[in-house]
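In what follows, a structure is listed as structure tokens, so that the remarks can point back to it.
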Amino acid sequence: MNYRITSIPGDGIGPEIVTEAKKVLQKIGERYGHTFTFTDILMGGASIDVHGVPLTDEAIQTAKDADAVLMGSIGGNTVTSPWYRLAPDKRPEAGLLKIRKALGLFANLRPAMLYDELAAACPLKAEISRAGFDMMMLRELTGGLYFGERKTEMIDGKMTAVDTLTYNEDEIWRAAVKGFEIAMKRRKKVTSVDKANVLDSSRLWRKVVEEVAADYPEVTLEHMLVDNCAMQLVKNPAQFDVVLTENMFGDILSDEASMITGSLGMLPSASLNDTKFGLYEPSGGSAPDIAGKGIANPIATILSAAMMLRYSFDLDQEADAIEAAVKQTLKDGYRTIDIMPQDGNTDGVTQVGTAKMGDLICERIV
Ligand code: IPM
Ligand code: MG
């Protein structure tokens with residue numbers, strides 16, 4: 001079968017890591033008899049440089065016409081890059097927010113698990129990491145603070161900035177349903193994270209999540225305040241199965257979850273709407289400081305491609321093959337610089353660059 005993929009190399013390390021994910025998909029195609037056709041679009045700084053805006057309507061249309069979207073990363077150094085002297089709605093990140101909204105991608109799945117092979121890269125104490133963890137963060141992606149009205153104005157002689165955090169019950173409902181559906185296929189536990197001791201939006205979140213939970217009697221629901229969750233992630237990550245939370249909390253907590261896996265370079269993500277369509281991207285950023293050096297970790301992007309096969313194309317066997325190849329590559333001792341052992345003991349470990357890591361994973365696809 002032929003699958004049409006719109007790819008967004010983007011900025012920073014984006015082009016390097018997307019190249020490796022395409023290479024792996026190509027290998028899957030050869031091995032399992034599929035073709036993947038890629039059409040690149042510009043987004044973020046790469047689009048600003050050519051079109052003056054971070055995402056054009058034509059690019060959105062190209063994405064809509066595909067079966068799925070594969071993305072690298074967007075953005076640059078917020079202090080030194082000229083992109084950040086533009087109005088906020090013209091900056092690279094605005095393109096990402098716009099495509100998520102335009103494609104209706106309200107559910108962002110970010111799985112975080114500890115590979116045995118990376119235990120030495122995990123910054124947690126051994127007695128905590130020994131228990132392992134395997135959680136699915138579900139971040140609501142098209143509502144809340146990142147999409148509310150915002151302005152900066154002079155009030156009573158003082159510059160004053162306002163951002164609005166809005167959720168309606170339908171937005172919460174559909175995200176919660178996804179969370180419970182996923183929990184049913186996992187260990188049947190949902191931890192809903194909010195700040196209900198302070199925020200109205202969180203109190204509504206909690207109420208709607210409880211209503212949805214009534215339809216899933218087999219799933220255990222617990223509520224956790226976001227500050228406590230930040231602490232629990234480093235204290236006892238094994239307790240989490242599905243973590244269900246709103247946009248900003250999910251942005252922050254998913255970076256934290258990725259660090260306890262060893263590196264931001266390990267965490268894939270899928271952003272889904274109500275159909276099979278999705279946008280797949282590593283959770284980490286564009287890492288402008290290491291862009292172009294050939295040292296970025298492509299694994300999060302390669303695992304995002306595996307999520308694409310699983311969630312958009314129903315190619316579970318092929319997705320399993322990628323995940324197994326990644327695991328085997330780690331088992332064979334290959335590491336990009338970000339996941340090298342922290343204790344300095346490099347016995348049996350070989351440091352490799354971006355392209356080599358992609359090749360090694362391809363070789364292990366069976
Ligand atoms: C992410 C990123 C984006 C977000 C930025 C680049 C807008 O941090 O995907 O987590 O906050 O959603
Ligand atoms: Mg983020």
If Lys and Arg each add +1 and Asp and Glu each add -1, what is the summed charge of the other residues whose beta carbon sits under 11 Å from the beta carbon of Trp173?
-> -3
Which of Cys229, Ala175, Val198, positive extreme of dipole for the chain (C-beta unit charges) = Cys229
Length added when fully stretched, Arg206-Asn345, from 0.36 nm per residue minus Cα-Cα | 45.5 nm
Could you give me the ³J(HN,Hα) list for the range 234-243, computed from phi with Karplus coefficients 6.51, -1.76, 1.60 and θ = phi - 60°, whole Hz, x at Gly and Pro?
-> 9, 8, 8, x, 5, 6, 8, 10, 9, 9
Could you work out the longest stretch of the chain that avoids the trypsin sites (Lys or Arg not before Pro) located in DSSP loops with at most 11 other Cβ atoms within 10 Å?
-> 186-366
So in the chain, what percent of DSSP beta bridges are antiparallel if you round to the nearest 5?
-> 40
Quick calc, the chain, dipole around Cα centre from Cβ unit charges on Lys, Arg (+) and Asp, Glu (-), nearest 20 debye, gives 240
Specify whether the C-alpha gyration tensor of the range 282-366 places it in the rounded, prolate or oblate class, a ≥ b ≥ c being the square roots of the eigenvalues: rounded for a/c under 1.5, otherwise prolate if a/b is larger than b/c and oblate if not.
-> oblate
Using only the Cα atoms of the range 11-90, build the gyration tensor, take square roots of its eigenvalues as a ≥ b ≥ c, and label the shape rounded, prolate or oblate: rounded if a/c is under 1.5, else prolate if a/b is larger than b/c, else oblate.
-> oblate
Point-charge dipole on Cβ atoms (K/R +1, D/E -1) for the range 258-366, about Cα centre, debye to 20 = 160
Identify the chymotrypsin sites (Phe, Trp or Tyr not before Pro) of the range 279-326 meeting these criteria: DSSP loop state and at most 16 other C-beta atoms within 10 Å of the C-beta.
-> none
Residue-averaged 222 nm ellipticity for the chain, from DSSP H runs of 4+ at -39500 (n - 2.57), nearest 500 = -12000 deg cm²/dmol
Can you spot the lysines whose alpha carbon is less than 19 Å from Lys331's alpha carbon? Ignore those fewer than 8 places along the same chain.
-> Lys356
Please report, as a whole percent, how much of the solvent-accessible surface of the chain comes from carbon and sulfur atoms (probe radius 1.4 Å).
-> 53
With every protein chain left in place, what is the accessible area per residue of the chain in square angstrom, probe 1.4 Å?
-> 43
Cα-based shape type of the range 1-54, given that a ≥ b ≥ c are square roots of the gyration tensor eigenvalues and the cut on a/c is 1.5 | oblate
Antiparallel DSSP bridges in the range 1-153: what percent, to the nearest 5?
-> 40
Pick out, from Val219, Thr164, Phe106, the residue whose Cα sits farthest towards the positive end of the charge dipole of the range 97-233, with +1 on the Cβ of Lys and Arg and -1 on the Cβ of Asp and Glu.
-> Phe106
Determine the alpha carbon to alpha carbon distance for each of Lys90/Lys151; Lys178/Lys276; Lys207/Lys235; Lys23/Lys64 and list only those over 18 Å.
-> Lys207/Lys235; Lys23/Lys64
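The values are calculated or read from the model by the stated rules, or taken from the named source; none is laboratory data. What you see is a predicted model, and the numbers here were worked out from it, not measured in a lab. Because the Cβ atoms are built from the backbone with ideal geometry, glycine has one as well, and the counts that use them run over all protein chains shown. Side chains are part of the model used for accessible areas, which takes the heavy atoms of the whole protein and leaves out ligands, DNA and RNA. Shrake-Rupley method; radii C 1.70, N 1.55, O 1.52, S 1.80 Å.
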